[in-house]
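Here is the structure we will look at, set down as structure tokens.
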Amino acid sequence: SSHIGSGFAQDALSSQLCNHRRRRVCIQMLSGQEHARSSKSRSRRTTAQASAAVIASVGAVSLRRYSGVGAADKRAAFVGSELLKPGEREPQAPVSEAWIQAARRVAADRADAPAYLEAAWQSTDAWWLRPAAYAWAVGVGLGVRLVNPPPKRASKVTKTTDAAQASSPVGELTASRTASVRAALRALELPFFATSASWVDTPRSGVQVKGNFRERAFDDVGNTLDMLQSRIEKELGCAVMVQMLRSEDAAQDSAGVTRYELFISSVPEQSASMMTMMMSFFSLAVTIASVTFLGASDVSQAAGAALQPGSSLPLGVLAGLIAIGQVTRLFVARSCGSKCDPPVLLPSPQLGVVAALSGNTPCPSRASAVSLALSGPLAMGAASALVLAYGVLIGSGSFVDLHAPLQIAWPLQLLPAHCDVLAWAGAQGLLMSGLALLPHSPDGRTVVQSMYGRSIAERVAEVFSYAYPLLGLAATWACGSGWSLLPFWWAWLLINFAESSPTLPKEEVTEIPLPVSVVAHVSVAFALVCLYPWPLHLLT
């Protein structure tokens, strides 16, 4: 019986093995067929899988990294069907990880951010996904920088062990280092011996040092500044900028000699900040909309627009005139060793656009500062005069309909109601050039400051900032409504978008050449006559 039982057991075992083999063969066949089918569509699904991974990781990282949820959260998080423990990092695809790293570099204001963006762009196979991922990385990075700006990094020159610097971190010029600056400039071998030093906040934060210059210190001003800057940087262990400015406390002594002092500050940023670039792009969009819809907007018509409903300004010609002024300004700045920020266009409900403001780094001397301030307005004014002459003498065949009488500025009132577009563009270009050179405008204030000093330029700018709108009110009371719109609008733009004070040059010892001085005086006088808020043409 045991023999028979063992035989039945062997038969049962053999049957189970056969069934197992059959199932395995079936499974292999099915898996082979599935593999054959999947291999045909795998290449087509690769791009979609990578795209889905990028989009999914983009949303997860946006919420986790920049909203405080995820890696910093101690709670567990589900990804698919896998439970991640606290502290574990979610696995990312290579493409999505590249875009995440690029966004982090943009948010941290790293110099290698363009390289990371380019690498992420090249690693993305889907052509349609590249611009979307690029916009996401740049947008998230800029958003983080606006909410939480990264700290400014100052370059380190040398390491010092002075105990006086213990209260301030190396690489930063603060008020606590005023005594160290004065001590560094009390060496007998230097061309300047400091007698006092104080921390000031106007026109910008820095150390104002007064003292006595050695004999022949002004023979080579550039070499003198280099020696003093090297001495201060060695003492402080950080990069600084040294400027030789005219003293405003006592401009001249009993002998009639101008006194000079030193101003030490942190090195300004050589590249435009992201906020300045964003402001430039935003102002460009607003100005284009203002120019385009000047004759079709009810708001502009209610605010005293120059055009009648249905007319449109020559956007291309006005953009070309502004571009000529800005390109000339960039060329002059590069030739004199300065750098300009991206321009900020200023719109107007009456004229569409009235100016383009742009800051700059310190110029080498007063003469270069005057040349840079005059370059943009004069170039745009010259081009506008040629366009105006062509529009009046020859004409373009296209016309704009103006409100009559046009009580915005007296040169515009000379134009006919049915005006050629080039004649209007030329007149508006001359008006924008004159606005830039008014004594309380940035370029005009730079000219007055370079020729007569900071205190006189400040008083003149303050007087004109009140006198220009008040003259507009007087003209409105005497000659009709409309004359005060442009003065008040220009005052509002300067208060909100212009710098509080012009950039000071590196040295104010070198005198301004006579031809440059004559051109500066004539240009400012032309601006005052052209922008005087009164119908001067009626006086003749």
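The values are calculated or read from the model by the stated rules, or taken from the named source; none is laboratory data. Remember, predicted model here, so these are calculated numbers, not experimental data. We place every Cβ from the backbone using ideal geometry, glycine too, and count neighbours over all the protein chains shown. All accessible areas refer to the heavy atoms of the entire protein, side chains included, with ligands and DNA or RNA removed. Shrake-Rupley method; radii C 1.70, N 1.55, O 1.52, S 1.80 Å.
Accessible surface comparison of 440, 403, 418, probe 1.4 Å, protein chains only, largest first: the order is 418, 403, 440. Using the Cβ-Cβ distance between residue 327 and residue 196 with R0 set to 51 Å, the FRET efficiency works out to roughly 0.70.
Go through 288-295, 428-435 and give me the packing order, highest mean Cβ count within 10 Å leading.
Details: 288-295: 18.5, 428-435: 25.2.
Descending mean neighbour count gives 428-435, 288-295.
Under 5 Å from the amide H of residue 341 lie the amide H atoms of 359, 360, each residue being 5 or more positions distant or on a separate chain, with H modelled from the backbone and absent for Pro and chain starts. Rolling a 1.4 angstrom probe over the protein heavy atoms with all chains in place gives segment 171-269 an accessible area of 48 Å² per residue.
Work out, step by step, the length gained on full extension between residue 299 and residue 122: first 0.36 nm times the residue separation, then minus their alpha carbon distance; give nm to one decimal.
Working: separation 177, 0.36 × 177 = 63.72 nm, distance 4.69 nm.
In short, 59.0 nm is gained.
Express the relative contact order of segment 257-405 as a whole percentage, based on alpha carbon pairs under 8 Å and six or more residues apart in sequence. Provide the component values of the computation, followed by the final result.
Numbers: 173 pairs, mean separation 40.7, N = 149.
RCO, segment 257-405: 27 percent.
Determine the gain in length on full extension of the stretch residue 205-residue 282; use 0.36 nm per residue of separation and subtract their C-alpha separation, reporting nm with one decimal.
Working: separation 77, 0.36 × 77 = 27.72 nm, distance 2.90 nm.
So the chain would gain 24.8 nm between residue 205 and residue 282.
Scalar couplings 3J(HN,Hα) for segment 364-380, obtained by applying the Karplus form with A = 6.51, B = -1.76, C = 1.60 to θ = phi - 60°, are x, 8, 5, 5, 5, 5, 5, 4, 5, 5, 7, 4, x, x, 5, 5, 5 Hz; x denotes Gly and Pro.
Run the numbers for residue 138 and residue 459: contour at 0.36 nm per residue of separation, minus the present Cα-Cα distance, in nm.
Gain on extension, residue 138 to residue 459, equals 111.2 nm.
Its relative contact order, with pairs defined as Cα atoms under 8 Å and 6+ residues apart, puts segment 325-441 at 26 percent.
Given Cβ point charges of +1 (Lys, Arg) and -1 (Asp, Glu) and nothing else, what value in debye, to the nearest 20, does the dipole of segment 264-404 about its Cα centre take?
Numbers: 4 positive and 4 negative charges, 90 e Å.
The dipole of segment 264-404 has a size of about 440 debye.
The HN-Hα couplings worked out from phi for segment 190-205 by the Karplus form 6.51 cos²θ - 1.76 cosθ + 1.60 (θ = phi - 60°) are 7, x, 9, 10, 7, 10, 8, 8, 8, 8, 10, 10, 10, x, 8, 6 Hz, whole numbers, x standing for Gly and Pro.
In percent, how large is the relative contact order of segment 426-525, given Cα pairs closer than 8 Å and 6 or more residues apart?
Averaging sequence separation for qualifying contacts and normalising by length gives 28 percent for segment 426-525.
Mind checking the per residue accessible area of segment 477-540 for me, 1.4 Å probe, whole number of Å²? Could the numbers behind the result be given before it?
Values: 3560 Å² over 64 residues.
About 56 Å² of surface per residue is accessible.
If you wrap a convex hull around the C-alpha atoms of segment 355-504 and split its volume per residue, what is the figure in Å³?
Values: hull volume 17.1 nm³, N = 150.
Per-residue hull volume (Cα only) is 114 Å³.
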